[in-house]
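Working notes for the structure below.
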């Protein structure tokens, strides 16, 4: 009987212990669950807070991007304005440094001052001259275009030589007097008075060929003249006095440098220098040596 009582007593103790253990487990589980939900709630609050912060940061980021874009647009605008002003200043400076006489109409209409001389003149190599012992000069900035024209013509099998180039006011006066003695009033049809000659600018030249020489009237019939009609504009030259002009008789030998931009337009529109208004011509001064 005693053993049975002890067994029952032990059984009750085990049951109590089990209940206690279960109770403790329930408490721990309940506490854990409570803490879990509490932590989850706090974490949710933190996440919501972080989400709101991130949303706020995204909004600020968008605002900053918009501000940056606006500033860049302002900077681009100001940069374009500065570049425009700089370009205008450079153009004005370039114009101020370019001889305004170079594209003026000096033929019976406008008078070139007797003291005028081009800023810079360069001696033309004798290989390009008809008379090798003569000293011929041309505007220094025209010289590269001139030599390229003559060299290209030579490559194409066309022999073109220079028979006249820069002439000063005094030289033109002497030449006109010689022509007046030789041809009388007829000299006015092919020779300009001093101050009215394009040769004084240093940008006009008279061409010939080894066979034509000083017989200018035959130059029209040469392959050199035909070549010049088709190619001179590429090097900035144009025929000053074509057939039917109102200034002088037709001078197929007399060519003037006006710059490649203007000469290309004249060639394309089948016009000549004196066909244009002076104000139209003046707009090409800035690009004459481009």
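Readers should treat all values here as calculations from the given coordinates under stated rules, not as data from a laboratory. What you see is a predicted model, and the numbers here were worked out from it, not measured in a lab. Reconstructed Cβ throughout: ideal geometry from the backbone, glycine too, with neighbour counts over all protein chains shown.
Brief remarks follow.
- Residue 287 versus residue 154: modelled label distance in nm, points set 7 Å from Cα along the beta carbon direction: 3.1
- Listing 145, 274 from fewest to most neighbouring C-beta atoms within 10 Å gives 274, 145.
- On the basis of the beta-carbon distance and an R0 of 22 Å, residue 46 and residue 26 show a calculated FRET efficiency of 0.15.
- Fewest-first sequence of 223, 280, 99 by Cβ atoms within 10 Å of each Cβ: 280, 223, 99
- At 1.002 mPa s and 20 °C, Stokes diffusion of segment 197-290 via Kirkwood alpha-carbon radius, µm² per second: 156
- Gain on full stretching of the segment that runs from residue 123 to residue 37 - 0.36 nm per residue minus C-alpha separation: 20.8 nm
- Taking 0.36 nm per residue of separation and subtracting the Cα-Cα distance, full extension of the segment from residue 56 to residue 113 would add 12.8 nm.
- Whole-number Å³ per residue for the convex hull built on Cα positions in segment 101-170: 115
- Hydrodynamic estimate: the Kirkwood radius of segment 235-290 over Cα pairs, inserted into Stokes-Einstein at 10 °C and 1.306 mPa s, corresponds to D of 138 µm²/s.
- This ranking places 258, 142 by how few other beta-carbon atoms lie within 10 Å of each, fewest first, which gives 258, 142.
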